[in-house]
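One structure is given here, and the rest of the page talks about it.
The values are calculated or read from the model by the stated rules, or taken from the named source; none is laboratory data. It should be emphasised that the depicted structure is a prediction, and the values quoted were computed from it without experimental measurement. For neighbour counting, all protein chains shown are included, and Cβ atoms are generated from backbone atoms with ideal geometry for every residue, glycine included.
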């Protein structure tokens, strides 16, 4: 494989969204289209209850959704699924940015892969190779099922929790509603009783083990634990990503790291902090779709 320089691997803000022309997400069969029709009806007192009943009764094996040359079988009552069906989009601008970055192929690391949203869409693009990472055993089964619907995706799947060091972490997973809210519990958080204990590994160690380089895009969405993972990451080493797409929701960062602290952290490591439209971020109000684009300088 030809090794690309970081300059070749970074997308230009002026070009963001060039690949974004798509009809979006839609149910792949008649039953799903009828479900969408009902979801879009005007609200009434029992509508949500009926929606959930339909989802449980008629889509026990999941609802088939298609778009961007990709297919997913999803929980009909999951929040992300409902957004994709009702609006035809999910993280539209973030996905368009990621598609622009990966337009010429390259290596993608998807941390917090969930059911495979970014892995499958980007992995279906020519020349893209993926490493898909998620800590949740429940999510892992859904990810593998969706990969089976997208056989052209070249990826290695790893179930592990990431942290700043080797050890164990408490991992919370909601029963239903939005499995994407599954998360590693911070040391100062109350995990309650609904958690499991998982082994953890530093990001550098995982990338070294999998020989994943050069990294054109690292997408990370692990519900506020992102900075804990990056705390000990070697940004001067061979696994430095050219681009990082990172979720940033201030209330998730219980360590108190505000947007200014986040910017200082990454600028000191040679990244510029942009929103997904390519504008330099000066305040949290500029963040779009709860995602930040970190581009290597």
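Name the single residue that is farthest from the chain's Cα centre (by Cα) among those in the stretch 143-171 being crowded, with 21+ Cβ neighbours inside 10 Å and in contact (Cβ under 8 Å) with a residue 60 or more places away in the chain.
Here the residue is 163.
It is to be established whether one or more residues within the stretch 235-246 are assigned by TED's automatic domain parsing to the domain that holds residue 135, closer than 28 Å to residue 170 by Cβ and assigned to a helix (DSSP H, G or I).
no
Given the structure, is residue 95 under 29 Å from residue 41 (Cβ atoms), at pLDDT 95 or above and crowded, with 23+ Cβ neighbours inside 10 Å?
yes
Would you mind telling me which numbered condition in (1) modelled with pLDDT under 80; (2) not assigned by TED's automatic domain parsing to the domain that holds residue 123 residue 223 fails?
Tallying (1) modelled with pLDDT under 80; (2) not assigned by TED's automatic domain parsing to the domain that holds residue 123, residue 223 fails exactly one: (2).
Suppose the filter is under 16 Å from residue 163 (Cα atoms) and surrounded by fewer than 22 Cβ atoms within 10 Å (Cβ to Cβ); does residue 221 pass it?
No: the conditions fail for residue 221.
Checking residue 70 against (1) in the same structural domain as residue 59 (by TED's automatic domain parsing); (2) at pLDDT below 95: exactly one of these is not met. Which one?
Result: residue 70 passes all but (2).
Answer yes or no as to whether residue 230 is buried (at least 18 other Cβ atoms within 10 Å of the Cβ), closer than 16 Å to residue 273 by Cα and in the same structural domain as residue 138 (by TED's automatic domain parsing).
Criteria met by residue 230.
Which residue, of 270, 261, is at positive phi and either in contact with a strand residue (DSSP E or B) (Cβ under 6 Å, 6 or more places away or on another chain) or assigned by TED's automatic domain parsing to the domain that holds residue 109 (or both)?
270
Take residue 80 and tell me if it is surrounded by 12 or more Cβ atoms within 10 Å (Cβ to Cβ) and over 21 Å from residue 141 (Cα atoms).
No.
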